[in-house]
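Worksheet: the structure to be examined is printed underneath.
The values are calculated or read from the model by the stated rules, or taken from the named source; none is laboratory data. Everything numeric here is computed off the predicted structure, so don't read it as measured data. Cβ coordinates were reconstructed from backbone atoms using ideal geometry, including for glycine residues, and neighbour counts include every protein chain displayed. Surface accessibility is based on the protein's heavy atoms, side chains included, excluding ligands, DNA and RNA. Shrake-Rupley method; radii C 1.70, N 1.55, O 1.52, S 1.80 Å.
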Amino acid sequence: MIERNVQVNSSFEPKEAALLVQTASRFKSSISLNRDEKTANAKSIMGIISLNLQGGQTVKIEANGDDEQEALSVMEQFLASAKPA
């Protein structure tokens, strides 16, 4: 298992949350996001929405599995990038 903290660049409305879930679902590894003692499966739309991610917050990404390095890198880039189109 590997983990990394990343600052979220923008707020995640349902559309952005769905894109995050789609991105996470491409990987075999389990991926979770942790914020303020709340943990959510990155492949669960309800879990991501429940985190209420806002720009400027820091979240911890945890990935565990065969493709964990790539999963962590892609998820970090997604969360730190500008708001998805």
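Check which residues have an amide H placed less than 5 Å from L53's amide H, if you skip close sequence neighbours.
HN-HN under 5 Å from L53: F12.
Each residue of the stretch 31-41 in order: what ³J(HN,Hα) in whole Hz does its phi give by Karplus 6.51 cos²θ - 1.76 cosθ + 1.60, θ = phi - 60°, with x for Gly and Pro?
10, 10, 10, 10, 9, 6, 6, 9, 10, 9, 5
Mind ranking R35, R4, R26 by accessible surface for me, highest first, 1.4 Å probe?
R26, R4, R35
For the chain, with a Gaussian network of springs between Cα atoms less than 10 Å apart, report the residue from I49, I31, I61 with the top mean-square fluctuation.
Highest fluctuation of the listed residues: I49.
Hey, can you find the accessible area per residue of the chain for me, probe 1.4 Å, expressed in square angstrom?
Accessible surface, normalised per residue, equals 55 Å².
Roughly what angle does helix 14-24 make with the longest principal axis of the chain, taking Cα atoms, 0 to 90 degrees, to the nearest 10?
In the chain, helix 14-24 runs at an angle near 10 degrees to the longest axis.
Mind listing the Cα extents of the chain along all three principal axes, in Å, largest one first?
30, 24, 22
Using a Förster distance of 22 Å, how high is the FRET efficiency between R4 and N52, based on the Cβ-Cβ distance and rounded to 0.05?
Here the calculated transfer efficiency is 0.60.
Can you compute 3J(HN,Hα) from phi for each residue in the stretch 42-51, using the Karplus curve 6.51 cos²θ - 1.76 cosθ + 1.60 with θ = phi - 60°, rounded to whole Hz and x for Gly and Pro?
Per residue, the Karplus-derived 3J(HN,Hα) values read 5, 9, 10, 4, 5, x, 5, 4, 5, 6 Hz.
Would you check the accessible area of K15, probe 1.4 Å, heavy atoms only, in square angstrom rounded to 10?
120
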